[in-house]
1. Compute the distance in nm between two label points, each set 7 Å from the Cα along the Cα-to-Cβ direction, one at B:HIS231 and one at B:ARG245.
2. Taking the Cα centroid of the range A:373-417 and of the range B:185-215, what is the distance between the two, rounded to the nearest whole Å?
3. Each residue of the range B:208-214 in order: what ³J(HN,Hα) in whole Hz does its phi give by Karplus 6.51 cos²θ - 1.76 cosθ + 1.60, θ = phi - 60°, with x for Gly and Pro?
4. With every protein chain in place, what's the accessible area of A:MET49 (1.4 Å probe, Å², nearest 10)?
5. Keeping all protein chains in position, work out how much accessible area B:ASP89 exposes to a 1.4 Å probe, and write it in Å² to the nearest 10.
6. Starting from the Cα gyration tensor of the range A:383-429, multiply each eigenvalue by 5, take the square root, and state the resulting semi-axes largest first in whole Å.
7. In the full protein assembly as shown, how much of B:ARG180 is accessible to a 1.4 Å probe, in Å² to the nearest 10?
8. Give the calculated FRET efficiency between B:GLU106 and B:HIS203 to the nearest 0.05, with a Förster radius of 30 Å applied to their Cβ-Cβ distance.
Amino acid sequence: MSNLKQKAEGKSDGEDSPDGGWGWVLVVAMFVSMSLVFGLMRSLGIFFMEFVQYFEESAQAISWISSIGLAAQQFFSPLSAALCNAFNARAVVMTGGFLAGLGLILASQATCLVHLYLTMGLISGLGWGLIFTPMVATVIANFSHRRTLALGLGFSSIGLSSFAFNPLFQLLVETYAWRGALLILGGLSLNIVPCGALIRPQPRPKALQKESKSTLSCSDVLRRFSSYLELSLLLERPYITYTLGVSLFNVGYFVPYFHLVAHSRQAGFSQYQAAFVVSAAGATDICGRVVSGWFSDLGHFRLIHLLSFWTLLVGLFIMLLPVSSLTGSYAALVVISLLYGFCSGALTSLVFAVVPKIVGVQRTMGALGLLQLIESSAGLLGTPLSGFLKDITGNYVASFLVAGSFLLLGSFTLATLPHFFSCTDPPLPVTDKSDSLPPELQQMSSLSTDANNQTDEPER
Amino acid sequence: MRPDGITNTEMSHDVTVKPDGGRAGARSCAAAAERSARRSRGRRMKTMPASWKLLLLPTLLLMTSCGRTDTKTLDPTQTPPASVPPLADLKREVVLKSENVTENIELRQLVRLFLECSLTADQNKLPNMTAFWSRDGQEIPDSRLTVALEKEQYGIQRLFNITSEEKVGTYSCVFENKVRADFVLATPRFREKRDKPVVSYVHDFVVLPCKMEGSENESLTWLWFKGNETHKERISAQPDRFEIRSQNLTSRLKLINLTFADAGFYYCAAVYAVGSTMNPIKLKVITFWEPLKPFIAILIAVVLLVVVIFLCEKQQSKKKVTEGNEENVDQNNIKLQEEEKGAEEGSSMRHRKV
């Protein structure tokens with residue numbers, strides 16, 4: 001009997017599953033849904049020109065649409081984590097896909113700017129928020145050996161789709177005007193629903209059903225609510241340190257996205273040259289995500305060490321960007337941008353892969369939700385600060401230097417994590433939370449913690 | 001002897017000038033000033049140079065008194081003559097060697113145009129060269145000159161008063177060795193040319209924009225037309241169909257409550273004193289059914305995908321259940337086999353022990 005049981009477990013812990021088979025199908029689902037969420041968000045700029053003309057509003061009023069969308073996506077992340085913990089991830093992602101599509105479809109009928117804020121901003125933002133955390137957490141739970149590669153492949157879709165969506169959106173707007181284009185985009189966003197359908201739900205454990213039957217008192221509800229949101233994580237030092245580090249990354253990370261073109265133009269290069277620099281950085285970003293994912297999974301280094309390494313490099317390259325352009329050499333600017341793109345992509349695929357190493361796979365869902373919320377509020381600080389510095393000094397050198405220094409600060413914060421300087425991963429804190437696990441993660445986590453224990457030793 | 005003694009008598013003659021003659025008064029003033037200046041010049045030959053100042057004084061007095069008489073003789077009920085806007089000065093120079101040169105000049109207002117052509121002498125270094133000016137290919141009469149070689153160049157200049165739209169054209173300086181420079185005068189062109197049509201929906205409204213490059217405080221007059229290359233109709237603001245909003249360098253035509261008849265070409269014209277430039281914009285009107293077709297196709301594809309995924313999952317779970325049952329049966333069989341084995345071993349051991 002025990003032989004058979006070990007055989008069954010061994011089959012799941014090995015290279016086939018959960019690291020293969022259905023896991024790769026989920027990577028495809030993540031690829032498609034990430035591209036339809038973030039790739040779409042990045043390419044919405046094409047609509048803004050049309051909105052400025054049609055609604056006769058200022059560009060700033062129009063840009064609030066994407067700000068509201070992004071803020072909603074990040075604000076509702078803990079909510080989506082809680083809903084996944086309460087119900088199942090499949091339902092949450094499918095609902096999120098439906099809401100994202102619905103928001104865009106309703107936006108095609110808008111007659112004033114406020115309609116756009118509510119539909120494209122709030123409804124679609126809520127939908128996007130419901131999609132991101134469960135998708136990433138599911139892929140994390142389904143992989144142990146090739147986790148970072150899977151995440152890197154999933155996130156590479158964002159860069160690729162923003163290349164593909166720009167001409168596609170341009171074509172849609174030219175053929176159907178912005179109303180028809182938004183309608184078709186809503187239809188495209190509905191493709192996230194089948195992606196969510198691919199997440200296999202697990203049968204609900206009996207313990208959870210028992211709890212729901214008993215009468216709920218106020219303290220019970222609060223307790224369950226806080227456990228769904230994984231609020232207890234906020235009291236743990238490793239998680240707080242990690243979140244602080246990632247928040248510091250976020251302050252500086254987006255500055256080149258917003259200011260690289262303007263800075264290149266100011267350094268004296270033409271519009272075409274500046275656009276090429278940004279595209280080149282975007283291309284190496286995609287490569288960086290996949291390559292760093294593959295390399296991290298080889299197991300030569302600890303993920304946290306690799307993350308610190310990449311963030312140090314990104315901070316360094318951001319600080320070098322204005323220096324290279326000030327020398328007036330276009331080749332230097334292109335080289336530094338390529339390197340920056342590669343390292344920032346490498347950083348992205350690792351950021352979320354480190355989370356289960358710190359909090360364990362069981363609590364990854366809630367941890368990701370809270371992480372998204374906290375890091376996004378830091379990201380809100382970054383761009384206005386860099387704009388402010390530019391207004392004071394007159395050029396972008398100070399903004400880039402400060403952004404790079406925030407990244408360096410973040411990587412030093414990571415160094416204060418417990419067991420940072422040891423060569424193996426620290427043991428995960430043992431928690432008695434088996435009754436409030438999300439159903440599909442519960443089964444997978446029991447398999448993958450065994451896998452984790454097996455993979456910890458070779459990691460030197 | 002006082003120099004202004006003579007001028008005073010000249011002045012007394014001018015007081016009887018006609019009432020309508022602001023200009024006439026000025027002319028006789030100028031004539032009187034010229035005459036007195038000539039006499040003073042004659043006297044100058046005999047007197048010392050220090051008397052220059054004395055010469056200036058009477059001429060100044062003459063001018064100012066002329067001005068006063070002008071105002072006195074003007075009838076207050078008469079409207080003053082319309083003031084001609086001062087023409088701006090624009091100068092263009094071209095250096096020619098052996099090839100023809102074309103220079104584009106952008107005109108936004110009426111100008112006094114100074115054009116200068118300098119031809120660099122070739123190895124022949126002829127002492128003289130004839131050249132003339134032409135306009136739109138036709139030689140301007142009385143413009144043919146013989147130019148002398150000066151500092152290795154033959155230079156020719158002319159002043160053109162561009163005072164109306166008819167005077168806008170192509171002016172050229174042509175040298176006898178057939179080398180010419182063409183100055184093409186034109187109103188400013190529109191930079192952004194939109195080659196894709198603007199699309200909008202029936203019962204919706206659309207805004208057609210036009211933007212011209214220029215300085216900030218420049219204020220243009222804008223006109224809108226609908227039609228085609230040959231026949232254009234002026235659009236005037238009608239409250240329930242068209243709305244034109246023009247501000248300095250941009251103009252917007254808003255078409256409200258579109259119908260299929262509103263599709264076609266629209267032209268915005270920026271009007272300058274020296275002419276106007278037109279920019280065509282094409283409008284296409286479609287119904288909402290156009291984007292609805294691909295949308296419904298995508299919707300059907302999404303629903304099919306979801307159904308297929310759920311069906312596949314049901315099938316796989318059914319397989320798993322049957323497999324699970326088979327596995328349980330296998331496990332039971334193996335259990336029984338092991339028990340039997342154990343029993344056998346036990347019995348064999350018992351045998352051995354015994």
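1. 3.3
2. Between the Cα centre of the range A:373-417 and that of the range B:185-215, the gap is 41 Å.
3. 9, x, 9, 10, 10, 7, x
4. 130
5. Looks like 100 Å² after rounding.
6. Values: eigenvalues 260, 17, 6 Å².
Working from the Cα gyration tensor, I get semi-axes of 36, 9, 6 Å.
7. About 70 Å², rounded to the nearest 10.
8. Numbers: r = 42 Å, r/R0 = 1.39.
The pair B:GLU106/B:HIS203 has a calculated efficiency of 0.10.
The values are calculated or read from the model by the stated rules, or taken from the named source; none is laboratory data. Remember, it's a predicted structure, so these values are computed and weren't measured experimentally. In this analysis, Cβ positions are derived from the backbone assuming ideal geometry, glycine residues included, and neighbour counts consider all displayed protein chains. For accessibility, only protein heavy atoms count, side chains too; no ligands or nucleic acids. Shrake-Rupley method; radii C 1.70, N 1.55, O 1.52, S 1.80 Å.
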